[in-house]
1. Can you pull out the residues in the stretch 89-101 that are more than 8 Å from the chain's Cα centre (by Cα) and either acidic (Asp, Glu) or at pLDDT 95 or above (or both)?
2. Inspect all residues belonging to the stretch 105-113 and state whether any of them is open to solvent by 30 Å² or more (accessible area, probe 1.4 Å), farther than 19 Å from Gly38 by Cα, assigned to a helix (DSSP H, G or I) and not acidic (Asp, Glu).
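The values are calculated or read from the model by the stated rules, or taken from the named source; none is laboratory data. Please read all numbers here as calculations on a predicted model, not as lab measurements. Accessible surface is based on the protein model in full, side chains and every heavy atom, while ligands, DNA and RNA are left aside. Shrake-Rupley method; radii C 1.70, N 1.55, O 1.52, S 1.80 Å.
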Amino acid sequence: MARPLLLVLILAALSATAFVPARAALGGGGSRGPLVGGWSAIQNVSDPHIQELGGWALGQAQEKRLAGAGPGLRFRRVVSGYQQVVAGMNYRLYVDAADPKGRAAPYVAVVYERLWTNTRELTSFDKAPRAH
């Protein structure tokens, strides 16, 4: 009689511990991490990795000869951004670039990155709407 009860208690404990990380990964339980599938603001766009991603995105846009990303366009910095947890991470980065005459040229770059496989892809690189 004691064995079935012990087995039930062990299974209940294992189920409870398996539920906690899954709930935290989904943004529940007071977690402050990014919500799986949802976009969340990047808290520190000054992070060197985020800045490097922005420069890389501009370089890729120039290499692929995407519209508006001519050879004279220079990366200045990422000014803001969002991240989305997927099977890796999507980043939507608002890039401050300079045109050949030194004028501000704002862009929005979407980059997909999966660090554990060294995967990085430029999904899109478009002119950002200017504030009125």
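1. Passing the criteria: Leu93, Tyr94, Val95, Asp96, Ala97, Ala98, Asp99.
2. no
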